[in-house]
1. Using the structure shown, decide if Leu153 is assigned to a helix (DSSP H, G or I), more than 22 Å from Asp41 (Cβ to Cβ) and hydrophobic (A, V, I, L, M, F, W, C).
2. With the structure loaded, tell me whether Val109 is in a helix (DSSP H, G or I), open to solvent by less than 90 Å² (accessible area, probe 1.4 Å), in contact (Cβ under 8 Å) with a residue 24 or more places away in the chain and among the aliphatic types (A, V, I, L, M) or whether it fails that test.
3. Criterion first (at negative phi and surrounded by 16 or more Cβ atoms within 10 Å (Cβ to Cβ)) does Leu128 satisfy it?
4. I'm trying to understand the selection: among the residues of region 25-52, which are of a type in the set (Lys, Arg) and in contact with a His (Cβ under 9 Å, 6 or more places away or on another chain)?
5. Looking only at region 95-105, filter to residues that are more than 9 Å from the chain's Cα centre (by Cα) and either among the hydrophobic types (A, V, I, L, M, F, W, C) or at pLDDT 95 or above (or both); which one of those is most open to solvent (accessible area, probe 1.4 Å)?
6. Only residues in region 116-133 that are farther than 28 Å from Trp102 by Cα and at pLDDT 85 or above count as the first member; pair them with residues that are of a type outside the set (A, V, I, L, M, F, W, C) and not in a helix (DSSP H, G or I), Cβ under 6 angstrom, at least 6 apart or cross-chain, and list the lot.
Amino acid sequence: GPSPLFLMDANVRGAGKSLLADVTGEILCGRPMPRTPQAVDENEEVKRITAIALEGDRVVLIDNINRPLGSGALDTVLTGTVWSERILVKSEKVSLPLLTVWYGTGNNVTFKGDTARRCLHIRLDSDLERPECREGFKHPELLTWVHEHRSSLVVAALTVLRAYCAAGRPDAGLKPWGSFEGWSALVRSAVVWAGLADPGETRAE
């Protein structure tokens with residue numbers, strides 16, 4: 001089933017939003033996350049979603065969000081798995097599977113309409129004026145390290161899911177997340193079962 005849009009939001013530029021997205025892309029696909037800018041209007045959003053569906057892209061990053069995020073088209077794709085639209089310069093209408101997982105980055109992002117409840121908010125909060133100048137990291141070339149260790153990172157992630165299923169998928173007692181029941185029952189519940197915080201709690205903020 002569908003999953004929420006994973007929004008990597010920060011209070012200041014250079015906090016590491018795009019790096020976090022690229023690390024995720026390296027683990028998932030073996031390459032940095034493919035980027036697209038925020039759509040100017042809903043017509044552009046519809047055309048872009050149709051192109052993504054035609055290409056079969058599995059992950060997409062809406063990078064550097066600088067206006068309120070949300071549209072009817074985006075809300076539709078976040079809670080569905082099939083996209084139906086006419087092909088440009090043709091009268092042909094197609095229905096395509098849309099199994100894309102959506103990501104976004106921006107500073108102090110705001111929302112329009114019902115999009116907020118469809119996002120899992122990942123907040124990077126830095127007290128530095130120029131966080132891009134930080135030093136002393138354990139892995140200074142993080143993307144290179146992740147690329148080289150991708151296989152073990154994928155195994156680690158899948159092991160959490162496998163262990164949760166082997167344990168009988170015990171009820172974690174989580175509040176329901178409407179429209180994302182399948183993702184919540186497996187991925188979110190496995191994260192909490194492994195002893196980590198409930199990612200769904202970020203919706204409150």
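1. On the way: assigned to a helix (DSSP H, G or I): yes; more than 22 Å from Asp41 (Cβ to Cβ): yes; hydrophobic (A, V, I, L, M, F, W, C): yes.
It is true that Leu153 is assigned to a helix (DSSP H, G or I), more than 22 Å from Asp41 (Cβ to Cβ) and hydrophobic (A, V, I, L, M, F, W, C).
2. Details: in a helix (DSSP H, G or I): no; open to solvent by less than 90 Å² (accessible area, probe 1.4 Å): yes; in contact (Cβ under 8 Å) with a residue 24 or more places away in the chain: yes; among the aliphatic types (A, V, I, L, M): yes.
Taking the combined requirement at face value, the residue does not satisfy it.
3. Values: at negative phi: yes; surrounded by 16 or more Cβ atoms within 10 Å (Cβ to Cβ): no.
So Leu128 does not fit the description; no.
4. We begin by selecting, within region 25-52, every residue of a type in the set (Lys, Arg); these are 31, 35, 47-48.
Of everything in region 25-52, just one residue is of a type in the set (Lys, Arg) and in contact with a His (Cβ under 9 Å, 6 or more places away or on another chain), namely Arg31.
5. If we filter region 95-105 for residues that are more than 9 Å from the chain's Cα centre (by Cα), which is where we start, we get 95-100, 105.
Now restrict to residues that are either among the hydrophobic types (A, V, I, L, M, F, W, C) or at pLDDT 95 or above (or both): 96, 98-99, 105.
Values: Leu96: 34, Leu98: 7, Leu99: 94, Thr105: 0 Å².
The residue in question is Leu99.
6. Hits for this filter: zero, empty list.
The values are calculated or read from the model by the stated rules, or taken from the named source; none is laboratory data. Because the structure is predicted, anything quoted here is derived from the model rather than measured. Cβ: placed from backbone, ideal geometry, glycine included. Neighbour counts: every protein chain shown. Surface areas here come from the heavy atoms of the whole protein model, side chains and all, with no ligands, DNA or RNA. Shrake-Rupley method; radii C 1.70, N 1.55, O 1.52, S 1.80 Å.
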